[in-house]
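S.K.: Here it is, the structure in full.
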Amino acid sequence: MASAPTEAKDAIRITHLVKRFGDFTAIPDLSLSVPPGAFLVLVGPSGCGKSTLLRMLAGLDDPSGGEIAFMGQTVSSGAGGVVADPKKRNAGLVFQSYALWPHMTVAGNIGWPLKVAGWDRQAREARIDEVLGLLGIAALRDRYPAEISGGQQQRVAIARTLAPKPAILLFDEPLSNLDAKLRIEMRSELMRIHRATGATSVYVTHDQVEAMTMASHVAVMNHGRVEQFGPPRELLARPATTFVATFLGTPPGNLLPAQRRGDWLEHAGVALAPAALAQGRDAVQLFYRAEQIGIGPAAGRPVLKAEFSESAPMAGKVMVTATAGAAGDALRLSAIVDDFPDARPGDAIDLTLSGAPDAVFAMTGERIE
């Protein structure tokens, strides 16, 4: 059974969580608090620890250290092993695979966890009808999984998870098996369901578009650590580390290493910004957003020599990618411009930087305020 409630008011509180697999430490020391009703998205590259964290929240893996509490109750402890059985955590998990029972109808799949939990027949049938209506799949009630599409199967899997009315919903990349159009539709559907249920949700994805579209809160993970946690707009506007700055955004921002030369910070011999921005450091990284970079020389603005790579339309603008510097140390830079440049891959182009850098980072990655 779960331990007695603590004084915490967070829906989820993670304290100094550690997870080891033999000699490998997947999560070294992670602490996080999630307010009730939040839609938290865990985002990061493959192998960053987001699915490992979700499995520990679900009770599928034991923590090696630290603690997890749901609604003030400790449900997992590294010192004492799993405290609460996964079935008693008042949490539901939607897997990447739909994991529907093929021999049961849609109604049977949704009603099974209610039967296991001891709901009587009348209550089960009422709840099945309720979640079928919520997901807009009432017409599928008597069909079998093999008779419905992938998008419909995903709705059934979500309905089955919602049926027992969990306070916490856990999603492990639930849209990754869907095509692009269905993914967009299901993103909106999941946000609608979240609003309708009021459940606190934790959603794992490597897709930053999903993260920034759906989340009330985002945790950007890297090497088992949370690089930054907060509302999507805050992370985009004020990235705390170089990893966050170059991971989020479409396209991601540009980092230019710069050396102090007298009163200026220079990159490749070009003066970019006043040395005072480095706060006494001899070397920093200057962060420019793609919309701060143009093509072609402009009077009074620093220009970097680069090699054109490619261009692509993006929301009425054009995203241009180029490389600057020697082959071994070449930087891949992105610019947002009004029109396609008259250039072929390999052509020399001028990249013009407008204004001051959006942020300055130490060489170790942290933001310099």
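The values are calculated or read from the model by the stated rules, or taken from the named source; none is laboratory data. What you are looking at is a predicted structure, and each value in this text was computed from that prediction instead of being measured. In this analysis, Cβ positions are derived from the backbone assuming ideal geometry, glycine residues included, and neighbour counts consider all displayed protein chains.
S.K.: Which one is modelled with the lowest pLDDT among residues in segment 317-336 that are more than 20 Å from residue 246 (Cβ to Cβ) and more than 26 Å from the chain's Cα centre (by Cα)?
M.R.: Per the criteria, the residue is 327.
S.K.: Just the residues that are closer than 26 Å to residue 175 by Cβ, surrounded by fewer than 22 Cβ atoms within 10 Å (Cβ to Cβ), in contact (Cβ under 8 Å) with a residue 12 or more places away in the chain and of a type outside the set (A, V, I, L, M, F, W, C), please, taken from segment 20-48.
M.R.: 35, 36, 37, 45, 46
S.K.: Name the single residue, out of those in segment 207-227 being in a helix (DSSP H, G or I), hydrophobic (A, V, I, L, M, F, W, C) and in contact with a strand residue (DSSP E or B) (Cβ under 8 Å, 6 or more places away or on another chain), that is farthest from residue 43 (Cα to Cα).
M.R.: So the residue we want is 214.
S.K.: Let me ask another. Among the residues of segment 208-237, count how many are in contact with a Lys or Arg (Cβ under 8 Å, 6 or more places away or on another chain) and surrounded by fewer than 17 Cβ atoms within 10 Å (Cβ to Cβ).
M.R.: 1
S.K.: On to the next question. Looking at 258, 276 in this structure, which one is over 29 Å from residue 192 (Cα atoms), of a type outside the set (Ser, Thr, Tyr) and touching a strand residue (DSSP E or B) at 6+ places or on another chain (Cβ under 7 Å)?
M.R.: Sole residue among the options that is over 29 Å from residue 192 (Cα atoms), of a type outside the set (Ser, Thr, Tyr) and touching a strand residue (DSSP E or B) at 6+ places or on another chain (Cβ under 7 Å): 258.
S.K.: Considering 249, 253, which residue is out of contact with any Cys (no Cβ under 7 Å at 6 or more places or on another chain) and on the phi > 0 side of the Ramachandran plot?
M.R.: 249
S.K.: I need the full set of residues from segment 91-119 which are under 24 Å from residue 147 (Cα atoms) and under 30 Å from the mean Cα position of the chain (by Cα), in order please.
M.R.: 93, 94, 95, 96, 97, 98, 99, 100, 101, 109, 110, 113, listed by residue number.
Residues are listed down the side, and each one gets a yes or a no for (1) over 25 Å from residue 369 (Cβ atoms); (2) of a type outside the set (Phe, Trp, Tyr):
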| residue | (1), (2) |
| --- | --- |
| 259 | no, yes |
| 266 | no, yes |
| 281 | no, yes |
| 287 | no, no |
| 291 | no, yes |
| 295 | yes, yes |
| 312 | yes, yes |
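S.K.: Closer than 20 Å to residue 89 by Cβ and in contact with a Pro (Cβ under 8 Å, 6 or more places away or on another chain), is that true of residue 50?
M.R.: Answer is no for this residue.
S.K.: Could I ask something else about it? Could you please find all residues in segment 313-356 being touching a helix residue (DSSP H, G or I) at 6+ places or on another chain (Cβ under 7 Å) and within 17 Å of residue 271 (Cα to Cα)?
M.R.: Across segment 313-356, the qualifying residues are 353, 354, 355.
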